[in-house]
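The structure appears below as structure tokens.
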Amino acid sequence: ENEEDYEIRLKTAVNTIVRQAQPSILTVRNSDGIYYIPIEEIRYIRGVKDVVTVVWKGGKTIPKSASLQRYEDQFEPYPAFKRVNKNYLLNLRCVRKEVSGPNLILENGEKIKISYSMAKEVRELLEKL
């Protein structure tokens, strides 16, 4: 077996283990109760000051007192989630198109602005998903 094949198999095995170790549900507690949201259904988490809003498929939203930085740190192991500007941690799997601005268009037609400093990195991540 050559070294390149070995490295590919090793990376694949490590990625599989990491994915299996990550939770598949996000638990969000607020004054309404405790919500259990499947990670793959989250469109984005929007943060304004000390309030975040978790938005997931079907247009459902849950507000919570917390910082967006906390969620950015929590979602760091998930390759599909990326902070695309100061207010949005986005599930890149929901992106369907990029238009001038630069803006990303989600599967529901919603438009999210990408910061210029993040545009290149976001494009590269989208190509890898």
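Some observations on this one:
- In plain terms, the C-alpha convex hull of the chain casts an average shadow of 9.2 nm² when viewed from every direction.
- Partners of K120 within straight-line reach, counting aspartates and glutamates whose Cα lies under 16 Å from its Cα and excluding those fewer than 8 residues away in the same chain: E98.
- Listed residue pairs exceeding 31 Å between alpha carbons, taken from K11/K111; K11/K49; K11/K60; K49/K97; K86/K128: K11/K111; K11/K49; K11/K60
- Computing FRET efficiency as 1/(1 + (r/R0)^6) for E110 and K11, where r is the C-beta to C-beta distance and R0 is 30 Å, gives about 0.35.
- Using only side-chain charges placed at the Cβ, +1 for Lys and Arg and -1 for Asp and Glu, the dipole size of the chain relative to its Cα centre rounds to 800 debye.
- Relative contact order, percent, the chain [alpha-carbon distance under 8 Å, six or more residues apart]: 14 percent
- For the chain: accessible area per residue (Å², 1.4 Å): 64 Å²
- Peptides 52-59, 83-90, 117-124 ranked from most to least packed give 83-90, 52-59, 117-124, packing being the mean of other C-beta atoms within 10 angstrom over each peptide's residues.
- Segment E76-K128, length gained on full extension (0.36 nm per residue, minus Cα span): 17.1 nm
- Spin-label proximity, M118 to segment 77-91 - amide N less than 11 Å from point 7 Å beyond Cα toward beta carbon: 81-91
The values are calculated or read from the model by the stated rules, or taken from the named source; none is laboratory data. None of these values were measured; they are calculated from a predicted model. For neighbour counting, all protein chains shown are included, and Cβ atoms are generated from backbone atoms with ideal geometry for every residue, glycine included. Only protein heavy atoms, including side chains, enter the accessible area calculation; ligands, DNA and RNA are left aside. Shrake-Rupley method; radii C 1.70, N 1.55, O 1.52, S 1.80 Å.
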